[in-house]
There are 6 protein chains.
Amino acid sequence: MNDVIKKYPRPDADLLARYADQQPATLHEAMGKRGALDNDFRPAWFGTHVCGAALTVHCRPGDNLMLHKAVSIARPGDVLVVSVDGFTEAGIWGEIVTVAAMEKGICGIVTDGGVRDTMPIHALGFPMFSRGISMKGTTKATPGTINHPIVIGGVLVRPGDIVIGDNDGVVVVPLAEAESMLAAGIAREKSEAAVMERIRNGESTMDILGFQAAYDKLGLKED
Amino acid sequence: MNDVIKKYPRPDADLLARYADQQPATLHEAMGKRGALDNDFRPAWFGTHVCGAALTVHCRPGDNLMLHKAVSIARPGDVLVVSVDGFTEAGIWGEIVTVAAMEKGICGIVTDGGVRDTMPIHALGFPMFSRGISMKGTTKATPGTINHPIVIGGVLVRPGDIVIGDNDGVVVVPLAEAESMLAAGIAREKSEAAVMERIRNGESTMDILGFQAAYDKLGLKED
Amino acid sequence: MNDVIKKYPRPDADLLARYADQQPATLHEAMGKRGALDNDFRPAWFGTHVCGAALTVHCRPGDNLMLHKAVSIARPGDVLVVSVDGFTEAGIWGEIVTVAAMEKGICGIVTDGGVRDTMPIHALGFPMFSRGISMKGTTKATPGTINHPIVIGGVLVRPGDIVIGDNDGVVVVPLAEAESMLAAGIAREKSEAAVMERIRNGESTMDILGFQAAYDKLGLKED
Amino acid sequence: MNDVIKKYPRPDADLLARYADQQPATLHEAMGKRGALDNDFRPAWFGTHVCGAALTVHCRPGDNLMLHKAVSIARPGDVLVVSVDGFTEAGIWGEIVTVAAMEKGICGIVTDGGVRDTMPIHALGFPMFSRGISMKGTTKATPGTINHPIVIGGVLVRPGDIVIGDNDGVVVVPLAEAESMLAAGIAREKSEAAVMERIRNGESTMDILGFQAAYDKLGLKED
Amino acid sequence: MNDVIKKYPRPDADLLARYADQQPATLHEAMGKRGALDNDFRPAWFGTHVCGAALTVHCRPGDNLMLHKAVSIARPGDVLVVSVDGFTEAGIWGEIVTVAAMEKGICGIVTDGGVRDTMPIHALGFPMFSRGISMKGTTKATPGTINHPIVIGGVLVRPGDIVIGDNDGVVVVPLAEAESMLAAGIAREKSEAAVMERIRNGESTMDILGFQAAYDKLGLKED
Amino acid sequence: MNDVIKKYPRPDADLLARYADQQPATLHEAMGKRGALDNDFRPAWFGTHVCGAALTVHCRPGDNLMLHKAVSIARPGDVLVVSVDGFTEAGIWGEIVTVAAMEKGICGIVTDGGVRDTMPIHALGFPMFSRGISMKGTTKATPGTINHPIVIGGVLVRPGDIVIGDNDGVVVVPLAEAESMLAAGIAREKSEAAVMERIRNGESTMDILGFQAAYDKLGLKED
């Protein structure tokens, strides 16, 4: 396999646009409780939201050469999904490369490492999800891969998968399932809205969602 | 003992109202440095504040059936205090159950697990204190207890205890001590205000608070 | 050596003023990737910024007597840099001592322990960087040192060193290198601004920063 | 309440003797999945085993004065159960106090802090369960409690409760339930032996333990 | 896809036998630094070694019903690879199911959760690799999958992959690459033996392994 | 400063020999509670002991080129003290470099990263203290320093300092204080032996060590 892959199936702008207002938690449920990265992936600030197509990068810890390469070949709508083997004591992403990324139309970054320059990047409005914030510098000396499938946050991510993140964290929808999961997500959202309407009208989740039956089966004793 | 307990001593609305503007840190000190949950219980956003009567729930990790049951029997002024054995890779609390809880007059939730739907719940203004934020889904299949005494965050909490939380974390005042501790808290607050006044007038904490004597006893050398 | 040291080389107000608008990440790079504390030192709220002269304190875990002593001998422009051997289950810093510190002209605190009273201190606008937030109380009974060199967050800090912190964390510039590092930091900032200008004009970081050469040496294969 | 309590219900030597060969995991199950400390309480070496009556101590972090006091009032068969608010960067227990404890007939120590002198104590054969091993020294300056109920490892422990530990960790049986739980533990052990016998004769746990029915209810699909 | 899969490509006994004396670290290198689980997967005791064919199981946290099912369909030479979403505060594996597993010819277990009954299982000699040891009990109520691909310890594992573990941790070789990677592993072992022979004859790793050239390129200064 | 330093003050063989049977915990106390590395530095197996002269190395995370260089210039009696910025998901030390180190008379390694090949190295008897065990491989591409002062485990270590480790962890004695601290350590050992003798003769640590006076001052109440 080539180290750097540029040709891979990728969602078109229309599909990404239709995903733009989806909530990660709803999609995770719609997929049958799949696709959510571990809960230590956090947005750099409250209110961050991202939606785009995964451009996957695997760097060595503390080295971001491949990340600069990745930016150079990125396309509008891409979200960088970057594993540095979980090393958080370096900021692999900063202001300069953010400016470069925004020029390319990159939508955000998700990484198991650290990011830095959080104040100027906040001013730029570029979404970052990471496992830490670190100002420590990087080398640019070691090889890696671009657009190979990678495991990050306990999830297998392929290039072109759809990445959606907000304050709840990040979920990844496999591209092949993008249409069906979008439909499932929208359906779930509607059904949840209906449930909330019924709750506001005085019904209980125990009844609406069928939990009473599950509860009764347990045979618990009440006073 | 019954698994689900509905009858237990509980603070009345007046007592809760008088606690509403108390600070957790002050109460912790007034109680003789007791009652504070461990410091990994964090509010879901800066500025969160909660005050209410503990409704305790013990669920299995990743299962929130008992939590839905608990909401169904809650009373206005209750705060859910929920142990899931510390499992943070699931969001046991979300938007739907928040709507249900607010209908019931529940004031907030404190849990050693994870919560989700943080953006819509932020919009609803429902206080959440947890050890993590996770979008991952739950089962509704396993038994637990409601309103048994539970240990959470290193503190024994009984149903009806008073729960107060803010950005410093969460403290629990045993119901039996509620009046005396409220008085102690208010007294301490006044005394602290007086101390700060004296500091602003140029005095040192070493003198005001008697630390100079403690310091002198240590016999340290200064240049 | 005396336990408490009051005489040590210290930056003057002018030097501190010239450091005031420096970014920690830039200084860290300008120093050759040195001086940054570990990434678990976080500001108590988004947007915190600090700049001052290190007044170093070593306390026992959960005891802040020496910290009160330190405040009593501090000078305007000091930043408290406080090791409690990493114990975060106590708030060694709170509102009262903040008021005392601000009276003294102290600019902020950096500690490997916990802080509390975060809401009133936020209102006061006093910068705090810590490894945790805990309301739990302290004793005032055990000895420590003031203005000895200490290791904190993986960095050796001497009294009088320059401490700069923002949302990226905290960096420490040795006083002896303060002028040269300030110059290096300013130079780096300018050069980074120029790089960002070129990026906005369509150039790639691979070319501007010489990464293409490093990349080519790796001999990776592309499709 | 007195700070130091010497009179409390305590198991007699016969009861302790009958508990001596019980397994913690079996007792935990026999109690309805209660009593087990969190899994970061580990024996200092493989093969450690302890059984005795809880003598509870609460010290400040990094200070073991109350622990020396506790040893001075201990009785044969006691196990020290010591909270230092979870601070592991100090060894609150070492060779000297081990010698003193063994003279008193103390059976072992369980602590949420650190221990040291592990090689000489291994030679002495004194059981230690802790959350860390640290050589760092302690102060002897701050107050605490002896034989108050304490919460440690997520469990409420009262003086006189029965403490049993092995390589699986530590479990605590409330004294008031000691006889019934011992009987339940022994019964469970026998039933487990019978189950294992049936397994060795070719039966499946799915059938013997009734899991097949639970499994069938889930309606899963098999190929 | 079926929830429980019994038909999948699987290594034969001969292939497993040839892998039996391979070292995980060597295989990891031979695969191009792939396949190693994260370093918090530890053997339950020093000297543990395992080699077998992955039988993958995904359970809910704290529930091991699917694990009992998995044992019931296992074949000789299988190693259970079990994700419980990383929940370590329950022992999903104990003595009874070990006896059942050994009857089936199962070679060991690798899990991101906890195990218990470590002393009797040590006596039985059944290899366990886990992220924790916990005596806490489990439910048997929730669904899961058997022999689906799972991500565990940062690695995608498919049923039938080859699992090798020792005190260095656990590595997984994709079945499709089993022959080529075994050859590469054996070749690497030989080459490493030759390198060590040369070192014992006085040569330096800098020269033998070509590191001197890499070092010289860095242009570092020596005294 | 040169990147690689070969000339620095170093303890002679006689001094190291006199340190050989010292206990780390005793030296830490003799130094006034200084010099102990944080408690997550653990020996690779129970019973490990090391004593030697620090040869300090700073590598990038996951890269051990400088470590090979360090071995090539080491002298008999050296102990490698290696910071990789705390990255434990790579084994920076393995069997081949152990063989090379033993040829050079190197006594052991202390690192904040990971080590591998633990079984063959156990057979070779080479002491390793680390923060993790990982089989994952390294690059050999990035620069670092040799024999600069480094901060590791919260301690400033200079080349030539004396490093002593056992199952309690690792302590570092500054070379300049080596003679006085050895004397203090030996004195403390004698005094501790005398204390233990008195304990065996029935005295209490409260009396022998003067803790009764400290205790009395606290004014605690006993029943």
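Can we say residue C:103 is within 7 Å of another protein chain (Cβ to nearest Cβ), more than 23 Å from residue C:166 (Cα to Cα), of a type in the set (Asp, Glu) and open to solvent by 10 Å² or more (accessible area, probe 1.4 Å)?
No.
Quick check on the range E:147-169. Is at least one of its residues surrounded by 12 or more Cβ atoms within 10 Å (Cβ to Cβ), in contact (Cβ under 8 Å) with a residue 40 or more places away in the chain and polar (S, T, N, Q)? Give the derivation first.
Of the residues in the range E:147-169, the ones surrounded by 12 or more Cβ atoms within 10 Å (Cβ to Cβ) are E:147-169.
Retained after the next criterion (residues that are in contact (Cβ under 8 Å) with a residue 40 or more places away in the chain): E:147-155, E:157-169.
Cutting the leftovers down to polar (S, T, N, Q) gives us E:147, E:167.
Yes - at least one qualifying residue is present in the range E:147-169.
Only one residue in F:155, F:170 is closer than 24 Å to residue E:40 by Cα and β-branched (Val, Ile, Thr), so which one is that?
Values: F:155 fails: closer than 24 Å to residue E:40 by Cα.
Of the residues listed, the single one that is closer than 24 Å to residue E:40 by Cα and β-branched (Val, Ile, Thr) is F:170.
Return only the number of the condition from (1) at the interface with chain C (Cβ under 9 Å from one of its Cβ atoms); (2) hydroxyl-bearing (Ser, Thr, Tyr); (3) in a loop (DSSP other than H, G, I, E, B) that residue A:48 does not satisfy.
Unmet condition: (1).
Going by the conditions given, is residue E:134 surrounded by 24 or more Cβ atoms within 10 Å (Cβ to Cβ), polar (S, T, N, Q) and more than 15 Å from residue E:43 (Cβ to Cβ)? Steps first, answer last, please.
Numbers: surrounded by 24 or more Cβ atoms within 10 Å (Cβ to Cβ): yes; polar (S, T, N, Q): yes; more than 15 Å from residue E:43 (Cβ to Cβ): yes.
Considered against the rule, which asks whether it is surrounded by 24 or more Cβ atoms within 10 Å (Cβ to Cβ), polar (S, T, N, Q) and more than 15 Å from residue E:43 (Cβ to Cβ), residue E:134 comes out as yes.
Does residue B:51 satisfy the criteria of being among the hydrophobic types (A, V, I, L, M, F, W, C), open to solvent by less than 10 Å² (accessible area, probe 1.4 Å), more than 14 Å from residue B:155 (Cα to Cα) and touching a residue at least 60 places away in the same chain (Cβ under 8 Å)? Reasoning before the result, please.
Details: among the hydrophobic types (A, V, I, L, M, F, W, C): yes; open to solvent by less than 10 Å² (accessible area, probe 1.4 Å): no; more than 14 Å from residue B:155 (Cα to Cα): yes; touching a residue at least 60 places away in the same chain (Cβ under 8 Å): yes.
For residue B:51, the condition - among the hydrophobic types (A, V, I, L, M, F, W, C), open to solvent by less than 10 Å² (accessible area, probe 1.4 Å), more than 14 Å from residue B:155 (Cα to Cα) and touching a residue at least 60 places away in the same chain (Cβ under 8 Å) - is not met.
I'm trying to understand the selection: among the residues of the range C:1-15, which are assigned to a loop (DSSP other than H, G, I, E, B) and among the acidic types (Asp, Glu)? I'd like the intermediate steps shown before the answer.
Going residue by residue through the range C:1-15, those that are assigned to a loop (DSSP other than H, G, I, E, B) are C:1-3, C:5-12.
Result: C:3, C:12.
Kindly provide the set of residues from the range F:16-38 that are part of a helix (DSSP H, G or I) and more than 12 Å from residue F:177 (Cα to Cα), ordered by number. Before you say what the answer is, go through the steps one by one.
Of the residues in the range F:16-38, the ones part of a helix (DSSP H, G or I) are F:16-19, F:24-30.
The answer is F:16, F:17, F:18, F:19, F:24, F:25, F:26, F:28, F:29.
So, residue D:128, is that one at the interface with another protein chain (Cβ under 9 Å from one of its Cβ atoms) and open to solvent by less than 10 Å² (accessible area, probe 1.4 Å) or not?
Values: at the interface with another protein chain (Cβ under 9 Å from one of its Cβ atoms): no; open to solvent by less than 10 Å² (accessible area, probe 1.4 Å): yes.
Here the answer is no, as residue D:128 does not meet what is asked.
Could you tell me which numbered condition residue E:156 fails, if it satisfies all but one of (1) farther than 19 Å from residue E:36 by Cα; (2) assigned to a strand (DSSP E or B)?
(1)
Could you look through the range F:1-44, keep only residues that are open to solvent by 50 Å² or more (accessible area, probe 1.4 Å), within 15 Å of residue D:133 (Cα to Cα) and within 14 Å of chain E (Cβ to nearest Cβ), and pick out the one that is nearest to the chain's Cα centre (by Cα)?
Ranking the candidates gives F:42 first.
Of everything in the range F:106-123 that's out of contact with any helix residue (DSSP H, G or I) (no Cβ under 6 Å at 6 or more places or on another chain) and open to solvent by 20 Å² or more (accessible area, probe 1.4 Å), which residue is farthest from residue F:52 (Cα to Cα)? Spell out the reasoning first.
Keep residues of the range F:106-123 that are out of contact with any helix residue (DSSP H, G or I) (no Cβ under 6 Å at 6 or more places or on another chain), which gives F:106-115, F:118-119, F:122-123.
Narrowing the set further to residues that are open to solvent by 20 Å² or more (accessible area, probe 1.4 Å) leaves F:107, F:119, F:122-123.
Numbers: F:107: 6, F:119: 23, F:122: 19, F:123: 21 Å.
Among residues in the range F:106-123 that are out of contact with any helix residue (DSSP H, G or I) (no Cβ under 6 Å at 6 or more places or on another chain) and open to solvent by 20 Å² or more (accessible area, probe 1.4 Å), the one farthest from residue F:52 (Cα to Cα) is F:119.
For the range F:57-73, how many residues meet the condition of being part of a helix (DSSP H, G or I) and within 14 Å of chain A (Cβ to nearest Cβ)?
So the first thing to find is which residues in the range F:57-73 are part of a helix (DSSP H, G or I), and the list is F:65-73.
Next, from what is left, pick out any that are within 14 Å of chain A (Cβ to nearest Cβ): F:65-66.
Total satisfying the criteria: 2.
Assuming residue B:80 fulfils every condition listed in (1) farther than 30 Å from residue D:87 by Cβ; (2) within 9 Å of another protein chain (Cβ to nearest Cβ) apart from one, which condition is it?
(2)
Tally up the residues in the range E:145-173 that are more than 12 Å from every other protein chain (Cβ to nearest Cβ) and in contact with a helix residue (DSSP H, G or I) (Cβ under 8 Å, 6 or more places away or on another chain), please.
Going residue by residue through the range E:145-173, those that are more than 12 Å from every other protein chain (Cβ to nearest Cβ) are E:160-163, E:173.
From what is left, the residues that are in contact with a helix residue (DSSP H, G or I) (Cβ under 8 Å, 6 or more places away or on another chain) are E:160-162, E:173.
Adding up the residues that qualify gives 4.
Which ones in the range C:70-92 are more than 20 Å from residue C:148 (Cα to Cα) and surrounded by 23 or more Cβ atoms within 10 Å (Cβ to Cβ)? Steps first, answer last, please.
So in the range C:70-92, the residues more than 20 Å from residue C:148 (Cα to Cα) come out as C:88-91.
Hits for the range C:70-92 are C:88, C:90, C:91.
With the structure loaded, tell me whether residue B:141 is without any contact (Cβ under 8 Å) to a residue 12 or more places away in the chain, open to solvent by 30 Å² or more (accessible area, probe 1.4 Å) and over 19 Å from residue B:7 (Cα atoms) or whether it fails that test.
Working: without any contact (Cβ under 8 Å) to a residue 12 or more places away in the chain: no; open to solvent by 30 Å² or more (accessible area, probe 1.4 Å): yes; over 19 Å from residue B:7 (Cα atoms): yes.
Criteria not met by residue B:141.
Which residues, taken from the range A:97-122, are under 17 Å from residue C:168 (Cβ atoms) and either within 17 Å of the chain's Cα centre (by Cα) or without any contact (Cβ under 8 Å) to a residue 12 or more places away in the chain (or both)?
Result: A:109, A:111, A:113, A:114, A:115, A:119.
Under 8 Å between Cβ atoms, at least 6 apart or on separate chains: pull out the pairs that start in the range F:185-209 with a residue that is touching a residue at least 60 places away in the same chain (Cβ under 8 Å) and end on any residue that is crowded, with 17+ Cβ neighbours inside 10 Å and not polar (S, T, N, Q).
Once the first residue is touching a residue at least 60 places away in the same chain (Cβ under 8 Å) and sits in the range F:185-209, its partners that are crowded, with 17+ Cβ neighbours inside 10 Å and not polar (S, T, N, Q) give F:185/F:27; F:185/F:30; F:187/F:30; F:188/F:29; F:188/F:30; F:192/D:95; F:192/D:96.
Out of all the residues in the range B:177-212, which are surrounded by fewer than 17 Cβ atoms within 10 Å (Cβ to Cβ), of a type in the set (A, V, I, L, M) and more than 10 Å from chain C (Cβ to nearest Cβ)?
Of everything in the range B:177-212, those that are surrounded by fewer than 17 Cβ atoms within 10 Å (Cβ to Cβ), of a type in the set (A, V, I, L, M) and more than 10 Å from chain C (Cβ to nearest Cβ) turn out to be B:183, B:186, B:187, B:194.
The values are calculated or read from the model by the stated rules, or taken from the named source; none is laboratory data. Just so it is clear, the structure is predicted and the values come from calculations on it, not from any experiment. So basically every Cβ, Gly included, is an ideal-geometry build from the backbone, and we count neighbours across all protein chains shown. In case anyone asks, the SASA skips ligands and DNA or RNA and just uses the protein heavy atoms, side chains included. Shrake-Rupley method; radii C 1.70, N 1.55, O 1.52, S 1.80 Å.
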